[in-house]
Amino acid sequence: MSSDFSTSSSATQFSPDQLYDFINRRQSIGLLVEPAPNTAQLELAIAAALTAPDHHRLHPWRFITIQGEQRIAFGELLANSLAEGGEIDPVQLDRVKQHPMRAPMILVCIMQDHPHLKVPHYEQVLSCGAAIQNLLLVLQSQGFSSMWRSGAAAESAHLKRALGCAGSDEIAGLVYIGTASKEIAPRTPLNVADFLSDWQSES
Ligand SMILES: Cc1cc2nc3c(=O)[nH]c(=O)nc-3n(C[C@H](O)[C@H](O)[C@H](O)COP(=O)(O)O)c2cc1C
């Protein structure tokens, strides 16, 4: 059955099985190569992020791209952030410096907190997480792969300051984006019954 209402589930061009299959095929890939999305492709993914469930429409998110040569400076920023947090192992610091080279593009996803009487901080974090999942799926639909990471520096005050975060903002993720260079094995399905139950009243 078709419908003119764009929000009706029957208006979708996917069958439920096709949509599930598409979502199930998303898998994180740690090492990604060129190409990365172009501006139009990235903007479509961000547009999808902006449709995430969002209590009181606070838009608790902000996205920053890092690509090309900027990845070198960003690697230094990550290492400096760890050092500020007390890391002194030069091997670890050097390893973190190289992290941004694992993909041609990194999207820093920031949960931009909007203090609100009815929308607690954790709800805004959840909204931002939903936004990120939306963008991962649109990137996948365009043939790209990704990996959502936090990494050791995500909670660093030094990194947050450098990214212009306010005190209650969170770095929700560094999403590494690019193209997979090889196939990976499909994920092992979980058993739905392990996670789904019927609530029964006590009376
Ligand atoms: C908020 C968040 C932070 C994450 N940080 C890391 C990380 O720093 N390093 C990592 O290896 N995986 C991290 N992951 C997990 C991967 O993104 C990925 O979900 C996991 O490896 C499972 O793979 P899949 O996405 O293919 O199911 C993080 C996931 C989330 C949601």
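What to note about this one:
- Relative contact order, percent, the range 67-161 [alpha-carbon distance under 8 Å, six or more residues apart]: 34 percent
- For the chain, a Gaussian network of Cα nodes joined below 10 Å ranks GLN112, GLN13, GLN124 by mean-square fluctuation, and the top entry is GLN13.
- Comparing LEU58, GLN27, SER81 along the charge dipole axis of the range 22-152, the residue lying farthest to the positive side is GLN27, per the Cβ-charge model.
- The dipole here belongs to the range 91-203: it is taken about the Cα centre, uses +1 on the Cβ of Lys and Arg and -1 on the Cβ of Asp and Glu, and is about 640 debye.
- Dipole-positive endmost among LEU93, ALA130, ALA152 within the chain (Cβ charges, Cα centre): LEU93
- Size of electric dipole in the chain: Cβ of Lys, Arg +1 and of Asp, Glu -1, about Cα centre, debye, nearest 20: 420 debye
- With Rh defined as the Kirkwood radius, the inverse of the mean 1/r over Cα pairs, the Rg/Rh of the range 73-203 is 1.07.
- Each Cα pair under 8 Å and six or more residues apart adds its separation to the average, and for the range 35-118 the resulting relative contact order is 42 percent.
- For the chain, averaging the sequence separation of C-alpha pairs within contact (under 8 Å, six or more residues apart) and dividing by the residue count gives a relative contact order of 31 percent.
- Candidates ALA36, ALA166, ALA193, ranked by Gaussian network fluctuation over the chain, Cα under 10 Å, top entry: ALA193
- Of the DSSP H helices in the chain, those that are both long (alpha-carbon extent of 30 Å or more along the helix axis) and hydrophobic (Kyte-Doolittle mean at least 0.0) are 121-141.
- For the range 97-172, Kirkwood radius (reciprocal of mean inverse C-alpha pair distance, Å): 13.8 Å
- The length gained by stretching the chain between ASN38 and PHE22 to full extension, at 0.36 nm per residue less their Cα-Cα distance, is 3.6 nm.
- Accessible surface of the range 112-170, 1.4 Å probe, proportion on carbon and sulfur as whole %: 58 percent
- The convex hull drawn around the Cα atoms of the range 1-130, when projected onto a plane and averaged over every direction, covers 11.5 nm².
- Per-residue ellipticity at 222 nm, computed for the chain from helices alone with -39500 (n - 2.57) per DSSP H run of at least four residues, works out to -11000 deg cm²/dmol.
The values are calculated or read from the model by the stated rules, or taken from the named source; none is laboratory data. From a predicted model like this one, the values you see are computed outputs, not experimental measurements. Here Cβ is always computed from backbone atoms with ideal geometry, including for glycine, and neighbour counts include all displayed protein chains. These area figures cover heavy atoms from the full protein model, side chains too; ligands, DNA and RNA do not enter into them. Shrake-Rupley method; radii C 1.70, N 1.55, O 1.52, S 1.80 Å.
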